[in-house]
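Written out below as structure tokens is the structure these notes cover.
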Amino acid sequence: MKLTDLLEGKEHTSLEKELKRIAVSMGYRFKYRGFPRNCNPDVLMTNLLIKSLNRKLFLGDAKDADNERPSHKKTASGIRKYIKEFVEHLDDGLIYGGIIAIATNDEEAAEEWRKWLDEECEQCGLKNPSFTVRKQNNNTFIVYW
């Protein structure tokens, strides 16, 4: 077993791959390097390489329900940092909009993330967030807005 399996959970890699697949299928084809070094979501992709009024960002993070839920302070703190950076990029005109998504492997955890993300995004300055849960299969749930 790898150290990352212990820290992030054994399902983390497959959840991350699914987020990347979704991002690319939605037109987010380029890795975005505009976040600080200590702010590294699993998937951070843009639809355009150059700054433009049409540039959008896909911010996604994989969360194994066994050890990464919104009730875990360190996990929640990391996601909050990503959201704040996303909002800062919006406010600074570096991006026009985009998608925030969490992939998890448990339906109950997905619902916890949905509620938490609605509240947290509102507190971070996003207007009227309304996250949705999409079941990809029995082991993959995408929470997005």
Open item on the list: When you check Ala76 against the structure, is it under 18 Å from Asn138 (Cα atoms) and not charged (D, E, K, R), yes or no?
Closed with: no
TODO: Answer yes if at least one residue in region 99-110 is at pLDDT below 95 and over 22 Å from Gly125 (Cα atoms), and no otherwise.
DONE: no
TODO: Would you kindly identify the strands (runs of 3 or more DSSP E) lying entirely within region 1-113 that contain at least 2 residues that are surrounded by 14 or more Cβ atoms within 10 Å (Cβ to Cβ) and touching a residue at least 60 places away in the same chain (Cβ under 8 Å)?
DONE: 97-104
- [ ] Name every residue in region 120-138 that is touching a residue at least 12 places away in the same chain (Cβ under 8 Å), in a strand (DSSP E or B) and touching a Phe, Trp or Tyr at 6+ places or on another chain (Cβ under 8 Å), in order of residue number.
- [x] Thr132, Val133, Lys135
Open item on the list: Criterion first (assigned to a strand (DSSP E or B), among the aromatic types (Phe, Trp, Tyr) and within 11 Å of the chain's Cα centre (by Cα)) does Phe141 satisfy it?
Closed with: no
- [ ] Kindly provide the set of residues from region 124-141 that are of a type in the set (Val, Ile, Thr) and exposed (fewer than 13 other Cβ atoms within 10 Å of the Cβ), ordered by number.
- [x] Thr132
Task: Condition check for Asp118: within 16 Å of Thr132 (Cβ to Cβ), at pLDDT 95 or above, charged (D, E, K, R) and surrounded by 14 or more Cβ atoms within 10 Å (Cβ to Cβ) - done: yes
Open item on the list: If I go through region 24-54 residue by residue, how many of them are more than 22 Å from Arg80 (Cα to Cα), in contact with a Leu (Cβ under 9 Å, 6 or more places away or on another chain) and at pLDDT below 95?
Closed with: 2
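For (1) of a type outside the set (A, V, I, L, M, F, W, C); (2) within 28 Å of Arg33 (Cβ to Cβ); (3) in contact with a Ser or Thr (Cβ under 8 Å, 6 or more places away or on another chain), each residue gets a yes or a no:
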{"position": "Ile99", "(1), (2), (3)": "no, yes, no"}
{"position": "Glu107", "(1), (2), (3)": "yes, no, no"}
{"position": "Glu112", "(1), (2), (3)": "yes, no, yes"}
{"position": "Glu119", "(1), (2), (3)": "yes, no, no"}
{"position": "Leu126", "(1), (2), (3)": "no, yes, no"}
{"position": "Val143", "(1), (2), (3)": "no, yes, yes"}
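The values are calculated or read from the model by the stated rules, or taken from the named source; none is laboratory data. Note that the structure is predicted; figures quoted are calculated from it, not measured. Using ideal geometry, Cβ is built from the backbone for each residue, glycine included, and neighbour counts are taken over all protein chains shown.
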